[in-house]
1. Relative contact order for the chain: what percent, with Cα pairs under 8 Å and sequence separation of 6 or more?
2. Quote the FRET efficiency, to the nearest 0.05, computed for A353 versus A466 with a Förster distance R0 of 22 Å and r equal to the Cβ-Cβ distance.
3. Once you order the gyration tensor axes a ≥ b ≥ c over the Cα atoms, which shape class does the range 274-327 get: rounded for a/c under 1.5, otherwise prolate or oblate by comparing a/b with b/c?
4. Where both partners of a DSSP beta bridge lie in the chain, what percent of those bridges are antiparallel, to the nearest 5?
5. Just check the range 322-422 against the gyration tensor rule for me: Cα atoms, a ≥ b ≥ c as the square roots of the eigenvalues, rounded for a/c under 1.5, and otherwise prolate or oblate depending on whether a/b exceeds b/c.
6. How long is the gain from E102 to L328 if the chain were fully straight, where each residue apart is worth 0.36 nm and the alpha carbon distance is subtracted?
7. Work out how much length N172 to Y335 would gain on full extension: take 0.36 nm times their residue separation and subtract the Cα-Cα distance, in nm to one decimal.
8. Taking the alpha-carbon distance from K190 and a cut-off under 24 Å, which lysines remain once sequence neighbours fewer than 8 residues away in the same chain are dropped?
Amino acid sequence: MGQLKPLKIRLESASNGGGCGTTGGEGKASCGSSDGPQDMPAEVWDKVKNHPCYSEEAHHHFARMHVAVAPACNIQCNYCNRKYDCSNESRPGVVSQKLTPEQAVKKVVAVASAIPQMTVLGIAGPGDALANPRKTFDTMRMLTARAPDIKLCLSTNGLALPDLVDEICKHNIDHVTITINMVDPEIGAKIYPWIFWNHKRLTGIEAATVLHQRQMLGLEMLTARGVLTKVNSVLIPGINDQHLMDVNREVKKRGAFLHNIMPLISEPEHGTVFGLTGQRGPSAQELKAVQDACMGGANLMRHCRQCRADAVGLLGEDRSDEFTLDKLDAMEVDYDLEKRKAYQDKVEQERSAQQAAKQQALAVASALQAAQDLKVLVAVATKGGGRVNEHFGHVTEFQVYEVSAAKAHFVGHRRVDQYCQGGAGDDEQLPSVVRAINDCHAVLVAKIGACPRDELMLAGVEPVDAYVGEFIEKAALDWFNDYRARVASGAVLHQHRGDAAIRQGAYTALAA
Ligand code: CLF
Ligand code: SF4
């Protein structure tokens, strides 16, 4: 991991500014991660409980989809190449199939019929949702008439936002994401070369100042109207890494419900300014350090997958290929509200069981007498449902949990290229998979072959297949208790882990 240069993170927490106007999230560190109904007003819980981005717990069970109806953009970000989708809420280097509002509604209804746990429609590009207001709002209006149980969500750079807040409310769009990378125009000028504003192109500090003012005003207006707002920030080492604590504090002051700090993905082949000038993205530990430093400010989201503008499915899986326009025509669509509700009720039961298992494991953990300050990261192979249920070789994304005697909580995910291809392990892929979880003490899997097992042990990551089918938090806590006991008895020497790499490049679910 020698190539990962550590950032000097300003470790004091973002100091608490004013109150969290709408949300009841004030002062807590993980509303978007794991909070439940006891942590917020009932009307807020109702909005977040089955939104996979606004509730970490929900993201194991509920799906979202995006429709690519908004091609235009009104600003330029240095991490974006407009040949591809908006990188403010998408993985760089991906091109989505653009749709008209009519095509989009047809697609959403078809997906909702096939995937009953799909609860949210988001518009997140491929440009800026609010730089294309007619297409965005026509889609929302027509969808509400056809499928009233689907929550509406959109993502924007914020420039046009203040002019459109009333329309957002008129369409009952309860969730809005604003990408805010700075609250200081000097820093903004290093990220945004220009904006198009009031029929003019503005550049430099002037552009960044207008953008900043519009973002803050838009956020305040949404908060005043009770719209739940998430702020996305792209972590750009050397440019805004030290500054994101200030961003966190300022957006909290203005009532942001969640703050999602995402890693810059920057490769020369994406053709972005940052990619071409060698601006690197953060390592996994650098990202975690900035997120940890922001705890105590606006609630943090750590489970973002930087989706495509036409993403379909659970976060982390991509089923967009099953719902291309040609396939939609051949599909039998049966949009049945009752059936959807019955399915979602079943998911709620599973979720309650997961909570109960976690509480039980915590009770055991805290009753044990052992080193209370031990805290480790554990990678988990899962294909959904909040359980350890994926083979090591089939993983395209590990979920990472921080585990201590007091809790096991989700802190991130690591994308990898699938190790097992066509029934056999691809040994060339293995080192990159191990590098992605190199900061973890163990990896919980449903099954693992001899070769990756040896490679992981050699790297100091313990492969564990003893918890197949169990809920993740319970499995992680049970493993941790066992690990603590082994450390206490001297059977294992507890050692500090190194850093891990964040996968660069456009993501494809399967390499073949
Ligand atoms: Fe889409 Fe964004 Fe709505 Fe979610 S995504 S518009 S809030 S429905 Fe979610 Fe995807 Fe991260 Fe976005 S994981 S990129 S945060
Ligand atoms: Fe690209 Fe999105 Fe920035 Fe527009 S707002 S330049 S689409 S990243």
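1. For the chain, the relative contact order is 18 percent.
2. It comes out at approximately 0.65.
3. Because a/c hits 1.5 or more and a/b fails to exceed b/c, the range 274-327 counts as oblate.
4. Of the beta bridges lying entirely in the chain, close to 45 percent run antiparallel.
5. Oblate is the answer for the range 322-422, as a/c is 1.5 or above yet b/c matches or exceeds a/b.
6. Between E102 and L328, full extension yields an extra 80.1 nm.
7. Length difference between fully extended and current span is 56.6 nm.
8. Counting by Cα, and skipping residues close in sequence, K190 has these lysines nearby: K5, K8, K83, K200, K230, K252, K288.
The values are calculated or read from the model by the stated rules, or taken from the named source; none is laboratory data. For clarity, every value in this text was computed on a predicted model and none was experimentally measured. So basically every Cβ, Gly included, is an ideal-geometry build from the backbone, and we count neighbours across all protein chains shown. Side chains are part of the model used for accessible areas, which takes the heavy atoms of the whole protein and leaves out ligands, DNA and RNA. Shrake-Rupley method; radii C 1.70, N 1.55, O 1.52, S 1.80 Å.
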